[in-house]
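The values are calculated or read from the model by the stated rules, or taken from the named source; none is laboratory data. Keep in mind the model is a prediction, meaning the values are calculated, not measured. For neighbour counting, all protein chains shown are included, and Cβ atoms are generated from backbone atoms with ideal geometry for every residue, glycine included.
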Amino acid sequence: MGDEDTWFAGVDTSTPNLARMHDYFIGGKDNFAIDREAAEAVLAIAPEVRVMAQEHQAFHVRVVRYLAEQGITQFVNLGSGLPTELNTHQLARTFVPDARVVYVDNDPVVLTHGRAILARAPGIAVVEGDVMHPADLLADPVLRETIDLDQPVAVLLFAVLQYIPDERDPFRHVAALRDALPAGSHFVVTHVVLDSRPEIAEPIVDLYKKILGEAEGGARPREGVSVFFDGLEMVEPGLVYVRDWRPDSPFVPGRSDKVWVIVGVGRKA
């Protein structure tokens, strides 16, 4: 996209789209004017969001490498977003050549792109679904053809749960997914928290509520995010700011809380 003359059947280009906004934050071209306008409104409140997106990409590389080192060969990327230069299957197959990956999303833009670009090789699939309907997701025939649910699975929940307010009880649905998967499975959660930027909590939440067209919502503090790991063994270093999760270099640039994304990995015993 990026070219306003490019259109896709069923794609609404009149309202902002989170996946396309993220694409803009990381310097991609799969976005429309409305997405760029919304993204710039976010950056006007919190200019560090662009750096946060880049740090998130770097964490993606580190955590997939870690999971592969633990013997994980199956990945379910929930709320996968638009394809990027480094997608989960490409990272995983760097370490495990026969890794199997299922990308999951309920966004028609993401599904269209994913099926055209990602699902081109055996062991890689794109399915419609979301974390709020775990039973339906795990019953999906394409997912079950790709993923052996009797073997450990890594579930990647990248920047998904932060958009689901407590009123919808995402904790219960994550727990249901956890309970349905075998021992040895891992859950990876990345989540924006505003603990270090309380002054922008209200305007940024209000802006995203407007973008999402939702009346409910609110910033979730670090303690609220930790609930998603109930029933799991936390992998060291625990729930930390993204720059502090097993960095490749001990010389992390800048204060960690300046990039206010926290991340964690939990293992089902």
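General observations
- Region 92-108 - residue that is surrounded by fewer than 23 Cβ atoms within 10 Å (Cβ to Cβ) and more than 15 Å from the chain's Cα centre (by Cα) and, of those, farthest from Val64 (Cα to Cα): Pro108
- Residues in region 105-121 that are without any contact (Cβ under 8 Å) to a residue 60 or more places away in the chain and out of contact with any Ser or Thr (no Cβ under 9 Å at 6 or more places or on another chain): Asn106, Leu111, Arg115, Ala116, Ile117, Ala119, Arg120, Ala121.
- So Ile200, is it in a helix (DSSP H, G or I), farther than 22 Å from Thr73 by Cα, touching a Leu at 6+ places or on another chain (Cβ under 7 Å) and not polar (S, T, N, Q): yes
- Any pair with Cβ under 6 angstrom, 6 or more apart, that starts in region 217-238 at a residue that is of a type in the set (Phe, Trp, Tyr) and ends at one that is in a helix (DSSP H, G or I) and buried (at least 18 other Cβ atoms within 10 Å of the Cβ): Phe228/Val174
- Within region 220-269, the set of residues being within 18 Å of the chain's Cα centre (by Cα) and assigned to a strand (DSSP E or B) comprises Val240, Tyr241, Val261, Ile262, Val263, Gly264, Val265, Gly266, Arg267.
- Unmet criterion (only one of (1) buried (at least 20 other Cβ atoms within 10 Å of the Cβ); (2) farther than 26 Å from Val153 by Cβ) for Leu207: (1)
- Checking Pro250 against (1) surrounded by fewer than 20 Cβ atoms within 10 Å (Cβ to Cβ); (2) at pLDDT 95 or above, the condition it does not meet: (2)
- Of the helices (runs of 4 or more DSSP H) lying entirely inside region 16-69, those containing at least 2 residues that are among the small types (Gly, Ala, Ser) and within 22 Å of His113 (Cβ to Cβ) span 33-45.
- Those residues of region 116-130 which are closer than 16 Å to Thr84 by Cβ and either out of contact with any helix residue (DSSP H, G or I) (no Cβ under 8 Å at 6 or more places or on another chain) or surrounded by fewer than 19 Cβ atoms within 10 Å (Cβ to Cβ) (or both), in sequence order: Ala116, Ile117, Ala119, Arg120
- Contact map, region 80-97: first residue closer than 13 Å to His22 by Cα, second residue in a helix (DSSP H, G or I) and not hydrophobic (A, V, I, L, M, F, W, C), Cβ cut-off under 6 Å, separation 6 or more or different chains; pairs are Gly81/His22; Leu82/Asp23; Leu82/His113; Pro83/His113.
- Answer from Asp195, Asp150, Asp248, Asp169 - the residue that is under 22 Å from Met132 (Cβ atoms) and charged (D, E, K, R): Asp169
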